[in-house]
Amino acid sequence: MKNFFKNQAGFTLVELMIVIVIVGILAAVAVPIYQSNVSKAKMTECDAALGTIRTGLRVYFAGNGVYPTAASGTAVTAVTGLDVSADDLTGKYFAAANYTLESADSTYTITCTNTDVLESPRTLDQAGTLAGGN
């Protein structure tokens, strides 16, 4: 009688275990890189919106000679005369409500806050200094 099992092809247990180990090593390398890129994407979205608000403030300043007056914690979209809409500030990680403004005649500080996304608030001032948000 002929032995049917000799002609069957397949993977041995050792071969399968080697493949599993290789996939595990690749995952161990890829996951931290992915998480780092997600963190960078969050900061980039925040910085882009802060830049949009900064541009709006510069346009306002060019037309009026002063920045709009806003008390600490004023929502950016609530500032009269500032041509920045909620749609301009809404992204994947942040919404318009996450951006606040404190400004006077010649100074301002824009703040991006979302404790679910950033470790600390990210700020941008009139000198272009970005701080926080790590």
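The table below lists the values:
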{"quantity": "Among [x] 15.0, 45; [y] 26.2, 100; [z] 18.4, 72, the entry derived from the coordinates for Rg and Dmax of the Cα atoms in Å", "calculated": "[y]"}
{"quantity": "Pairwise FRET efficiency - Ala41 versus Thr69, Cβ, R0 = 30 Å, nearest 0.05", "calculated": "0.35"}
{"quantity": "Segments 114-120, 23-29, 96-102 sorted - mean Cβ within 10 Å per residue, highest first", "calculated": "96-102, 114-120, 23-29"}
{"quantity": "Where labels lie 7 Å past Cα in the beta-carbon direction, separation of Thr55 and Leu16 in nm", "calculated": "5.6 nm"}
{"quantity": "Relative contact order, percent, the chain [alpha-carbon distance under 8 Å, six or more residues apart]", "calculated": "17 percent"}
{"quantity": "Residue among Ala28, Thr100, Cys112 farthest towards the positive dipole end of the stretch 16-132, charges placed on Cβ", "calculated": "Ala28"}
{"quantity": "Student exercise, the stretch 16-132 dipole from Lys, Arg, Asp, Glu Cβ charges, in Debye to nearest 20", "calculated": "300 debye"}
{"quantity": "Principal-axis tilt of helix 13-64 within the chain, Cα atoms, nearest 10 degrees", "calculated": "10 degrees"}
{"quantity": "Relative contact order of the stretch 74-117, defined on C-alpha pairs under 8 angstrom at six or more residues apart (%)", "calculated": "33 percent"}
{"quantity": "Euclidean distance between Cα centres, the stretch 6-35 to the stretch 37-105, Å", "calculated": "48 Å"}
{"quantity": "Fully extended contour minus Cα-Cα distance, from Ile25 to Ala48, at 0.36 nm per residue", "calculated": "4.8 nm"}
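Bear in mind that the values in this text are calculations on the coordinates, not laboratory data. Just so it is clear, the model here is predicted, and its values are computed rather than measured. Heads up, the Cβs are rebuilt from the backbone with ideal geometry, glycines too, and the neighbour counts pull from every protein chain shown.
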